[in-house]
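The values are calculated or read from the model by the stated rules, or taken from the named source; none is laboratory data. In this text the structure is predicted, and so the values were computed from the model without any measurement. Don't worry about glycine lacking a Cβ; one is built from the backbone with ideal geometry, like all the others, and counts go over all protein chains shown.
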Amino acid sequence: MANPVINTDNTEFEQLNNLIYSMADGVIAVSNIGKIIAYNGSALNLLNINNTIVGQNIDAVLHVVDNKGEALDIKKYILDAKVPITDRNHKINYPDNSFIHLYISVAPIRLGFGKKGTEGFVVLLRDITVEKSLEEERNEFISVISHELGNPIAIAEGSLGNALYATQKTEGIDNIKSALKLAHDQVLFLSDMINDLSTLSRAERGTLQVEVDSINVHDLLKSLETNYTDQANTKGLKFSVEIDPRLELLQSSKLYVREILQNFITNAIKYTNSGSITVGANKINDGVEFFVTDTGFGISTADQAKVWQKFYRSEDYRTRQNNGTGLGLYVTMKLARLIHADIKLKSELNVGSTFDISIPDIQPQPVV
């Protein structure tokens with residue numbers, strides 16, 4: 001491909017051409033009638049074009065849409081620029097239905113009085129898809145957390161207020177107990193949320209460490225049975241444990257294995273209104289396969305591919321009746337990857353779900 005920047009014998013101009021061509025951002029020089037007179041390789045990459053575009057109208061190669069998907073008249077947008085302008089709210093759509101978020105900067109070129117030459121515009125293009133994604137995640141995070149924090153705080157405050165009022169009016173002890181229990185439940189929810197956020201923060205920063213322990217799987221599952229049976233029974237659910245008698249010690253992170261199982265168990269109880277929850281473990285060649293089975297709402301095929309996404313919550317009205325940030329399974333998958341675990345989901349709407357968690361033995365690193 002020929003040098004896309006205008007050739008000249010002027011050394012200074014050649015240096016400028018070389019500088020533009022080496023830039024990571026796409027640069028396109030446009031004449032005052034909208035024709036392309038120069039560009040660099042990065043511009044071709046953004047436009048998904050591999051041949052020369054000199055002499056073409058800018059709107060023939062640069063197709064930009066706004067956030068609503070409506071096409072931008074890019075030629076008019078550029079030629080109307082009287083002063084330098086920038087914009088971060090447009091996209092380039094590609095034929096394969098992919099897209100990038102685009103930063104556009106347009107700077108008019110004005111020659112000095114009495115100087116001869118071509119006036120025009122320099123258009124700078126930058127792919128800001130990653131930046132936009134982080135912004136959207138941040139905004140979604142703020143929206144979700146502010147909403148989810150507001151509800152339990154309001155309920156806890158109101159319940160404690162009712163309890164205090166009841167003590168002043170010497171009302172029945174049952175009313176006081178009910179108000180205090182509701183407040184306590186909401187504080188526990190806040191505690192779980194803070195734990196998820198803390199784990200997520202450390203996982204995103206890459207500061208989580210795996211400390212390998214010898215885990216007695218029988219003791220671990222019996223401990224979980226003790227912790228969650230009452231919670232299941234409160235909803236009228238049967239909680240049971242099935243343990244393969246061939247099981248031996250599992251070499252992995254006791255903290256993360258327990259947290260992964262706890263997340264699946266609490267979800268199973270939350271989204272099951274009748275029937276049972278079964279937690280078990282079987283021996284596999286290189287470790288242990290745990291499973292958590294429920295007879296709950298089930299997860300639709302469409303939702304099964306999304307449940308591991310950050311902040312994702314199903315639109316199923318039964319799911320929406322329960323508090324949640326959409327972080328639990330995302331954090332769970334982060335922890336699973338740290339200990340090289342494999343998770344499989346089988347689910348059917350109105351029948352229930354099973355999560356299979358295969359956790360291999362991890363060899364402890366020698367102390368140096």
>> Looking only at the range 231-255, count every residue that is out of contact with any strand residue (DSSP E or B) (no Cβ under 9 Å at 6 or more places or on another chain) and closer than 27 Å to L327 by Cβ and tell me the total.
In response: 2
>> Suppose we filter T170, T118 for residues that are in the same structural domain as L47 (by TED's automatic domain parsing) and at pLDDT below 85; which single one remains?
In response: T118
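Residue by residue, here is whether (1) at pLDDT 90 or above; (2) under 22 Å from the mean Cα position of the chain (by Cα); (3) more than 20 Å from T301 (Cβ to Cβ); (4) buried (at least 20 other Cβ atoms within 10 Å of the Cβ) holds:
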{"residue": "R318", "(1), (2), (3), (4)": "no, no, no, no"}
{"residue": "N323", "(1), (2), (3), (4)": "no, yes, yes, no"}
{"residue": "K344", "(1), (2), (3), (4)": "yes, yes, no, no"}
{"residue": "L349", "(1), (2), (3), (4)": "yes, no, no, no"}
{"residue": "T354", "(1), (2), (3), (4)": "yes, no, no, no"}
{"residue": "V367", "(1), (2), (3), (4)": "no, no, yes, no"}
